[in-house]
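Enquirer: For reference, the structure I am asking about is given below.
The values are calculated or read from the model by the stated rules, or taken from the named source; none is laboratory data. Quick caveat, the model's predicted, so the values are computed rather than measured. We place every Cβ from the backbone using ideal geometry, glycine too, and count neighbours over all the protein chains shown. Quick note on the areas: whole protein, heavy atoms, side chains included, nothing else; ligands and nucleic acids left out. Shrake-Rupley method; radii C 1.70, N 1.55, O 1.52, S 1.80 Å.
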Amino acid sequence: MTFKFTAIFLFFITNAVLAQVQSEVNPPSNIKSIVFKGETDDQFPIIQLGETIYLEFDDLTASEQDYYYKIIHCNYDWTPSDLLKSQYINGIDDQRITDYDNSYNTLQPYSNYRLTLPNDNVKLKVSGNHIIEIYDSNYELQFSRRFLVYQNSVTVSTLTKRSRDFNYINEKQAVQININYSNYTIVNPKKEVKIAILQNYYWPTAIYNIKPQFTIGTELVYKYDEETSFFGGNEFYNFDTKDLRSASAAIASIELTDLYNHYLYTNRFRNDKPYTYFPDINGDFVIRTLQGDDSSREAEYTNVHFSLPYKRGLVLDKVYVFGKFNNYELNEENEMTYNEENGLMEASIKIKQGFYNYKYVLKDDKSEIKLNEVSGNFHYTENNYLVLVYYRNFGDLYDSLIGIGSTNSTNLKN
């Protein structure tokens, strides 16, 4: 009896562990500039089945360490699916990344690693959510990233509208969706179809589990307001360090010590200012340099210095520099500290040459993250929205990604 109870207990514990949500693991301080994308310019890893996905990162130890990769297939909610590895990939993963070079003529030495999927060892077989994990030679996990593989089986039409909620009419944007499945067999769409909506490819604020309001023939209609709305936020700040020695509209001064130091002009709180349109790339970044032809291994690392005026309301809040360049992580490296001499919150972050978007976010003493406390929320803000459509038929072992749609709030409707 004791043996049976122990076995049953271990079974449930094992399955509970396996069912954990696969969140992204951010790397140690020696790994920087992770670029993970499909065949578009957006650094968001989504591809159609059969297309190529690209991963690139730097190791600042420049020791030519061995790194290995592993792929995990996940359900709609990012728990591991029930598929065997042989059911979602052709070939064998857990392979060493063999494409790498050391930096050339840089003050900061580093090794640059590159990986493409599919390759000679691995080909993806099914659509859906995936995780790539990168391990070192001791098989210790260094970092992981989500990516998406889809098939164009349904047509997804999307529209961004101004919120009809008068409490947030000047702050929120709502996404409306129509899914046409006339070329795809779906028996019970309200149960078999799930959607996810992302604003600017940022997973933590994604909206899940929205049921269609109604169906018209072979069309699912989502004409919600509150349920599919997002705070508009504000345009991101930006800077460009492609030319090491040239100041710009965002860079106040440059100094050379062991590395170049780029001091940005002090930013300001914009939550109490009128909205001003300023083009951005929605938090993204692009590595580039004028000091060489190969940005991957000739771009320099510089210390970029950020500053923000201190306000009394920040007493209990921590302030962070936030962007795709650090995968929107809140850690010690991008946390700002108070400088008593000039009354500014300051941070210095080592960043590879290029064009970068960033903003400032707060975290209070209850670990609640306030994304737009500094920037403010405006319904005018240009944001990109991505709609993901998943399908699982009765008896299927995983959620397939059968269509995507996108819209931008530059075409905002009232």
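Enquirer: Could you give each residue of the range 237-251 its phi-based ³J(HN,Hα) in whole Hz, using Karplus coefficients 6.51, -1.76, 1.60 with θ = phi - 60°, and x for Gly or Pro?
Expert: With the stated coefficients, the range 237-251 comes to 5, 8, 8, 9, 10, 4, 9, 4, 9, 10, 6, 9, 4, 9, 9 Hz.
Enquirer: If you roll a 1.4 angstrom probe over the protein chains with everything in place, what fraction of the accessible area of the chain belongs to carbon and sulfur, to the nearest %? Write down the numbers at each step before the final one.
Expert: Numbers: 9770 of 20140 Å².
On the chain, the fraction of accessible area on carbon and sulfur atoms equals 48 percent.
Enquirer: Give me the accessible area per residue for the range 174-266, probe 1.4 Å, as a whole number in Å². Before the final figure, lay out the partial values.
Expert: Details: 4350 Å² over 93 residues.
On a per-residue basis, 47 Å².
Enquirer: If you don't mind, there's one more thing I want to ask. Report the net charge of residues surrounding Phe394, where surrounding means a beta-carbon distance below 15 angstrom and charges are Lys +1, Arg +1, Asp -1, Glu -1.
Expert: Details: positive: Lys190, Lys191, Lys194, Arg392; negative: Asp82, Glu192, Asp396, Asp399.
Result for the local shell: 0.
Enquirer: Simple spin-label model, 7 Å along Cα-to-Cβ: Lys370 to Ser63 in nm?
Expert: Result for the modelled spin labels: 4.2 nm.
Enquirer: If amide H atoms are built 1.01 Å from N in the plane of the peptide, which residues on other chains or at least 5 residues away come under 5 Å of the amide H of Phe236?
Expert: Close amide H contacts, sequence-distant or interchain: Asn282, Gly283.
Enquirer: Just in the range 336-409: which GluC sites (Glu not before Pro) are loop by DSSP and have at most 10 other Cβ atoms within 10 Å?
Expert: In loop regions of the range 336-409 (DSSP not H, G, I, E or B), the sparsely surrounded GluC sites (Glu not before Pro) are Glu340, Glu341, Glu368.
Enquirer: Continuing with this model, one more query. Once you charge only the Cβ atoms, +1 for Lys and Arg and -1 for Asp and Glu, what is the size of the charge dipole of the chain about its Cα centre, to the nearest 20 debye?
Expert: On the way: 39 positive and 54 negative charges, 321 e Å.
Rounded to the nearest 20 debye, it is 1540 debye.
Enquirer: Set Lys and Arg Cβ to +1 and Asp and Glu Cβ to -1, take the dipole of the range 81-225 about its Cα centre, and tell me which of Ile197, Ser157, Gly217 lies farthest positive.
Expert: Looking along the dipole axis, the top candidate is Gly217.
Enquirer: Another question, then. Going by the alpha-carbon gyration tensor, a ≥ b ≥ c the square roots of its eigenvalues, is the range 344-414 rounded (a/c under 1.5) or, if a/c is not under 1.5, prolate (a/b greater than b/c) versus oblate? Walk me through the intermediate numbers first.
Expert: On the way: a/c = 2.07, a/b = 1.70, b/c = 1.22.
Prolate shape, in that a/c is at least 1.5 and a/b is the bigger ratio.
Enquirer: Would you calculate the separation in nanometres between label points at Thr98 and Glu39, each defined as 7 Å from the Cα along the Cα-to-beta-carbon direction?
Expert: Calculated label separation equals 2.5 nm.
Enquirer: ³J(HN,Hα) across the range 135-152 via Karplus (A = 6.51, B = -1.76, C = 1.60, θ = phi - 60°), whole Hz, x for Gly/Pro?
Expert: Listing the rounded values in order: 10, 8, 5, 8, 6, 9, 5, 9, 6, 9, 9, 7, 8, 10, 10, 10, 10, 7 Hz.
Enquirer: I'd like the accessible area for Leu256, computed on protein heavy atoms only with a 1.4 Å probe and all protein chains in place. Round to 10 Å², please.
Expert: 100 Å²
Enquirer: Here's a follow-up. Using 0.36 nm times the number of residues separating Leu256 and Phe355, minus their current alpha carbon distance, what extension gain do you get? It would help to have the intermediate numbers written out before the result.
Expert: Working: separation 99, 0.36 × 99 = 35.64 nm, distance 1.98 nm.
Result: 33.7 nm gained on full extension.
Enquirer: Quick check: from the Cα gyration tensor, does the range 189-286 come out rounded (a/c under 1.5), prolate or oblate? Write out the running numbers ahead of the final one.
Expert: Numbers: a/c = 4.15, a/b = 2.70, b/c = 1.54.
Note, shape of the range 189-286 comes out prolate.
Enquirer: For Lys190, go through the lysines and keep the ones whose alpha-carbon is under 21 Å away, minus same-chain ones fewer than eight residues off.
Expert: By straight Cα distance, Lys190 reaches Lys211, Lys223.
Enquirer: Gain in length, Gln20 to Glu340, computed as 0.36 nm per residue apart minus the alpha-carbon separation, to one decimal in nm?
Expert: Details: separation 320, 0.36 × 320 = 115.20 nm, distance 4.40 nm.
Length difference between fully extended and current span is 110.8 nm.
Enquirer: Ordering Arg164, Arg270 by how much accessible area each has at a 1.4 Å probe, largest first, what is the list? Before the final figure, lay out each step's value.
Expert: Details: Arg164 130, Arg270 35 Å².
Heavy-atom accessible area, descending, gives Arg164, Arg270.
Enquirer: Rounded, prolate or oblate, given the Cα gyration tensor of the range 95-186, with a/c below 1.5 counting as rounded? All intermediate terms of the calculation are to be shown ahead of the outcome.
Expert: Values: a/c = 3.18, a/b = 1.68, b/c = 1.90.
Oblate, since a/c reaches 1.5 and b/c is not below a/b.
Enquirer: Taking a cut-off of 26 Å between Cα atoms, list the lysines near Lys32, but don't count ones fewer than 8 places away on the same chain.
Expert: Lys70, Lys242, Lys318, Lys324, Lys350, Lys352, Lys359, Lys363, Lys370
Enquirer: Separate question: Report the antiparallel proportion of the DSSP beta bridges in the chain as a percent, rounded to a multiple of 5. The partial results should precede the final answer.
Expert: On the way: 106 of 114 bridges.
Taking every DSSP beta bridge with both residues in the chain, the antiparallel ones total about 95 percent.
Enquirer: Between the range 50-112 and the range 232-299, how far is it from one alpha carbon centroid to the other, in angstrom?
Expert: A separation of 28 Å, based on Cα centres.
Enquirer: In sequence order, what are the phi-derived ³J(HN,Hα) couplings for the range 194-205 according to the Karplus relation 6.51 cos²θ - 1.76 cosθ + 1.60 with θ = phi - 60°, rounded to whole Hz, with x for glycine and proline?
Expert: Along the range 194-205, the couplings run 10, 10, 9, 10, 10, 9, 6, 6, 9, 5, x, 9 Hz.
Enquirer: As a check on your grasp of the helix formula, calculate [θ] at 222 nm for the chain: sum -39500 (n - 2.57) over DSSP H runs of n ≥ 4, divide by the residue count, round to the nearest 500.
Expert: Values: 4 runs with 29 residues, N = 414.
The helix-only estimate for the chain comes to -2000 deg cm²/dmol at 222 nm.
Enquirer: Moving to a separate point now. Which net charge results when you count Lys and Arg as +1 and Asp and Glu as -1 among the other residues whose beta-carbon is under 13 Å from that of Ser29? Don't jump to the answer; show the numbers that get you there.
Expert: Values: positive: Lys32, Lys350; negative: Asp58, Asp59, Glu329, Glu332, Glu333.
Cβ neighbours under 13 Å give a net charge of -3.
Enquirer: Near Phe166, within a Cβ-to-Cβ distance under 12 Å, what is the net charge of the other residues, with Lys and Arg +1 and Asp and Glu -1?
Expert: Numbers: positive: Arg162, Arg164, Lys172; negative: Asp165, Glu171, Asp225, Glu226.
Result for the local shell: -1.
Enquirer: Efficiency by 1/(1 + (r/R0)^6): what FRET value for Tyr208 and Lys413, r their Cβ-Cβ distance, R0 = 25 Å, to the nearest 0.05?
Expert: Between Tyr208 and Lys413 the formula returns 0.55.
Enquirer: Please state, as a whole number in µm²/s, the translational diffusion coefficient that the Stokes-Einstein equation yields for the range 176-218 at 25 °C and 0.890 mPa s, with Rh defined as the Kirkwood radius across alpha carbon pairs. List each step's numbers first, then the result.
Expert: On the way: Rh = 11.9 Å.
D, rounded to a whole number, is 205 µm²/s.
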